[in-house]
Amino acid sequence: MNLYQSNSHRDTIANSLLTDAILIPKKIASAEISGCHLERMKSASFINIMIRNINSYCNGLEKDGVKEKEYLNLLRKEIKIFRRSFKKWRNSFPEGGTNYFN
């Protein structure tokens, strides 16, 4: 059994955006329950990549001609706010292990 797969570039980008947005809280949760500094840093690195991806997806949707630019700008604004909170959270990790964020 297969789900319908759109061939639309816009739908592919929107699906990737949604997938990455869903993965962020899962990685936050796994970092919070992990007692291992390295695992926390791996989760934080993954989240950082997802944040960058979401910004790239917004740019891709805009270039593809999406009409809802107000939504994209709101999403960019929220990602910027989230990124600030994310950095504070990441810097709150206890010291030890490799620092992925110099």
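Residues in the range 25-41 that are surrounded by fewer than 17 Cβ atoms within 10 Å (Cβ to Cβ), under 16 Å from S85 (Cα atoms) and of a type in the set (A, V, I, L, M): I28, A29.
Residues that are at pLDDT 95 or above and among the aromatic types (F, W, Y) are absent from the range 59-77. Please enumerate the residues belonging to the range 38-56 that are under 11 Å from I79 (Cα atoms) and of a type in the set (D, E, K, R). Listed by number, the list holds a single entry, R52.
Given the conditions (1) among the basic types (K, R); (2) in a helix (DSSP H, G or I); (3) over 9 Å from the mean Cα position of the chain (by Cα), report the number of the one that R52 does not fulfil. Here R52 meets the rest and fails (3). Of all the criteria given as (1) open to solvent by 60 Å² or more (accessible area, probe 1.4 Å); (2) at positive phi, the one not satisfied by G65 is (1).
A44 fulfils the conditions (1) open to solvent by 40 Å² or more (accessible area, probe 1.4 Å); (2) out of contact with any Ser or Thr (no Cβ under 7 Å at 6 or more places or on another chain) except for a single criterion, (1).
The values are calculated or read from the model by the stated rules, or taken from the named source; none is laboratory data. The model shown is predicted, which means the values in this text are computed figures rather than measured ones. Every residue, glycine as well, gets a Cβ built from its backbone with ideal geometry; the counts of neighbours run over all protein chains shown. All accessible areas refer to the heavy atoms of the entire protein, side chains included, with ligands and DNA or RNA removed. Shrake-Rupley method; radii C 1.70, N 1.55, O 1.52, S 1.80 Å.
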